[in-house]
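Below is one structure, written out as C-alpha cells; comments come after it.
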Amino acid sequence: MLLLRCPLPLLLLLLLPLDSRPQKLPTRDEELFQMQIRDKAFFHDSSVIPDGAEISSYLFRDTPKRYFFVVEEDNTPLAVTVTPCDAPLEWKLSVQELPEEASGEGSGDPEPLEQQKQQITNEEGTELFSYKGNDVEYFVSSSSPSGLYQLDLLSTEKDTHFKVYATTTPESDQPYPELPYDPRIDVTSLGRTTVTLAWKPSPTASLLRQPIQYCIVINKEHNFKSLCAVEAKLSSDDAFMMAPKPGLDFSPFDFAHFGFPADNNSGKERGFLKSSKFGRQTSPKPRVDLHRVCIGNKNIFTVSDLRPDTQYYFDMFAVNTNTNMSTAYVGTFARTKEEAKQKTIELKDGKVTDVFIKRKGAKFLRFAPVSSHQKVTFSVHSCLDAVQIQVRRDGKLLLSQSVEGVRQFQLRGKAKAKYLIRLKGSKKGASMLKILATTRPNKQSFPSLPEDTRIKAFDKLRTCSSVTVAWLGTQERNKFCIYKREVDDNYNDEQKKREQNQCLGPDTRKKSEKVLCKYFHSQNIQKAVTTETIRGLQPGKSYLLDVYVIGHGGHSVKYQSKLVKTRKFC
C-alpha cells in the first residue's frame, strides 16, 4: 500500500553501487521514512519522488527529466500533482511491472541488480496519463496496480521550474486546500480607484478547521494559475534561477546555489515538507504591475489605489499554512471606472483665479490667449500643502512641478496656442490655491518672497511687555504688515498648523490685532532683513505673530506664524 513510502528501494535499485548479491524491494518503515525525508541530503542527486512530500525542481529547455516511485501492492490509491511555474510543461505518467525477484521472495536464482535495472528501465511501460499545458494538473486513481512508476517531464519553451507532489494516502493527506463548490471570485463593487472582491471560503478552513490564509494577486497582464507562477514572475529579475550547468545534478530541496535560500523547516505532519520560499537572498525587485497581498482568513477585500479606466486581473489563492501548499480559485478581471469628467475652468489674462481641490483630487484649467504672444507667465500661490502642476501647450507637456508657497513659471509662447493646466491636490487633505496666467510679463499680482519665510524672535530682547522679531525681505519694494493675537498657554504647533492658510490676508484680521505696516526692500539681498519691536504686551502671556507681504496687485502672502511669550517677571 505504498508509493515509495520509503525511497530506499528505488535508491537500491537505481543509485547504489552494483552488488552481485540478490536484491528485493522492502516494504515501508514509517519511522525510517520520517527520518529520511527530514534529511535532505538523502534526496541529493536523486530522481526519487517521496511519498506525501512536495518537491521543487528545474528543467532545462528541451532536456527531459524522469522521476521514479514504486507502488508495491495492487489496489493502492494514488494521486500525482504537477504544478508548472513559469512555462508550459509536457508530462507523462507510466507504469511497468516489477521483476518477480524484486517484488517478493520468488523462486529460483535471482537476477543480479544490473540485469534487473536494465530490464526495468529499458521497457517503456504502460502510459496512464499525459498532459501538455500550464495548468496545475492531477492524476488520481482509487486503485492503482503495483509497479515502477515513471514521471517524464519536458519544457519546450524555456528553462523553467516546477513542483511535483505524490501520495498513496490522498484521502488522509489533503495538503492542498479544497475549493468551494463555486470557486469563482466575485466583483461586488467597482469604483474609479477601488475594486471590492468576495469569494466563498475553502471547506478546508470552514469544515476541517485547518489554518488557511488567502493571498490576492493583482496585475494588468493576465490571470495566474498557481502561486508558483506568481512567485516566478515576482522573482524574474536578472539573477532569478541561476540554474546549474547542464550535466550537473542538484538537490531538489537545496536551492541555495540557485539564488534561493535553503528551507530548514521540516513538516509537522506525516510526509509534509515546507515548500521552498521563493526569493533571492538580496532584496527582490518586484514588477510594478504585479502585487501580492495575504489577508488572513477574510473572504472579502477591497483593492485600493488603482488607476481609473484600467483593466486589472485578480487571482485568489488559498494557502494551507501548515503545509505552505496552495490552491487557485478561478481568477477574474475588471476595469475600473473612468475618471469623472471635470469641468474645465477658463483663465482670463491677468486675473487671479481661486481653486479648491479635494484630497487626492485634481482640477483642469484652460488658458487661451486672445492675441499672439512671445511668453506666457503662470503664477501659483499654494495656500496650504504643496500641489502638483502640469502645463501642456497644444497637447505637449511643457511643465511638471511641485509648488509650495508662491512660484512663478515663464514659458515660451506660440501663436494661437492653447494651454491646459492640471492641478493635483495633496494626499494629506484638501488644497487651496490662487493661480494667475498672463501674456504681459510686467503683470505681477503676487509679491515676491524670500526663500526663508520664517519669523525669528530674539529671546534676549524679550521683556514683560515686548518682543523683538526679524524677517527677510526681497529686492522688490513691498508693503509688510504685522499682526498679533493673544493665545492660551496650551496653544501648540498642531493648532498653529491648522491656521497656516497663506492665502488669508490682513482683511480677515481684527483691527485691534494690527501692529503696524511698513514698506521695505534692499538691493543687496544679503541685507534684506528688517526688525520690529512689538510693545504693549501683557507679562507672561503667549502671542501668535503674523507677517503679511502685500504685492502691487493687492494680493498678500503670509509668512510662517511665530509663537512668542513675554517674560513673567522683569
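The values are calculated or read from the model by the stated rules, or taken from the named source; none is laboratory data. Every value quoted in this text rests on a predicted model; they were computed, and no experiment measured them. Positions of Cβ are generated from backbone atoms using ideal geometry, with glycine treated the same way; all protein chains shown enter the neighbour counts. When the accessible area is computed, the model is the full protein with side chains, heavy atoms only, and any ligands, DNA or RNA have been set aside. Shrake-Rupley method; radii C 1.70, N 1.55, O 1.52, S 1.80 Å.
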For this session: Determine the sum of side-chain charges near ARG335: Lys and Arg each +1, Asp and Glu each -1, restricted to other residues whose C-beta is under 11 angstrom from that of ARG335.
Result: +2
Problem set entry | Sparsely packed trypsin sites (Lys or Arg not before Pro) within the range 330-382, loop by DSSP, other Cβ within 10 Å at most 10 | LYS341, LYS343
Problem set entry | the range 345-438: relative contact order in percent, alpha carbon pairs under 8 Å with at least 6 residues between | 48 percent
For this session: Grab the other residues whose beta carbon is less than 13 angstrom from that of GLN311, score K and R as +1, D and E as -1, and report the net.
Result: 0
For this session: State, as an integer percentage, the relative contact order of the range 118-215 based on alpha-carbon contacts under 8 Å between residues 6 or more apart.
Result: 15 percent
Exercise. If you take the square roots of the eigenvalues of the alpha-carbon gyration tensor of the range 292-366 and sort them as a ≥ b ≥ c, do you get rounded (a/c under 1.5), prolate (a/b over b/c) or oblate?
Worked result: prolate
Problem set entry | For the range 455-565: relative contact order, % (alpha-carbon pairs under 8 angstrom, 6 or more apart) | 42 percent
Exercise. Given R₀ = 22 Å, FRET efficiency for ARG192-ALA430 by Cβ-Cβ distance, to 0.05?
Worked result: 0.75
Exercise. Taking a ≥ b ≥ c as the square roots of the eigenvalues of the Cα gyration tensor of the range 408-448, is the shape rounded (a/c under 1.5), prolate (a/b larger than b/c) or oblate?
Worked result: oblate
Exercise. Can you list the trypsin sites (Lys or Arg not before Pro) in the range 140-197 that are in a DSSP coil and have 15 or fewer other beta carbons within 10 angstrom?
Worked result: LYS158, ARG192
For this session: Pop out the carbon and sulfur fraction of the accessible area of the range 455-565 as a percent, whole number, probe 1.4 Å.
Result: 45 percent
For this session: Label the range 420-543 by shape, choosing from rounded, prolate and oblate, from the square roots a ≥ b ≥ c of the eigenvalues of the Cα gyration tensor; if a/c is under 1.5 it is rounded, and otherwise prolate applies when a/b is larger than b/c, oblate when it is not.
Result: oblate
Exercise. Roughly how many Å² is the accessible area per residue of the range 345-438, as a whole number, for a 1.4 Å probe?
Worked result: 53 Å²
For this session: Can you sort TYR313, TYR165 by 1.4 Å-probe accessible area, starting with the largest?
Result: TYR313, TYR165
For this session: Report, in cubic angstrom per residue, the convex hull volume of the C-alpha atoms of the range 345-438.
Result: 77 Å³
Problem set entry | Accessible area of CYS294 in the full protein assembly, 1.4 Å probe (Å², nearest 10) | 60 Å²
Seminar exercise, completed: Packing-ranked peptide list from 205-214, 507-516, highest mean Cβ count within 10 angstrom first, is 205-214, 507-516
For this session: Sticking with the crude label model, points 7 Å out along Cα→Cβ, report the distance from LYS375 to HIS291 in nm, one decimal please.
Result: 4.3 nm
Seminar exercise, completed: Counting only protein heavy atoms and leaving out ligands, DNA and RNA, the solvent-accessible surface of HIS222 at a 1.4 Å probe, in Å² to the nearest 10, equals 80 Å²
Seminar exercise, completed: Descending accessible area (1.4 Å probe), largest on the left, turns LEU234, LEU420, LEU436 into LEU420, LEU234, LEU436
Exercise. What is the calculated FRET efficiency for LYS518 to ASP305, with r their C-beta to C-beta distance and R₀ = 60 Å, to the nearest 0.05?
Worked result: 0.75
For this session: Kindly write out, for the range 315-321 in residue order, the coupling ³J(HN,Hα) from the Karplus curve 6.51 cos²θ - 1.76 cosθ + 1.60 (θ = phi - 60°), rounded to whole Hz, with x marking Gly and Pro.
Result: 10, 10, 10, 8, 10, 7, 6
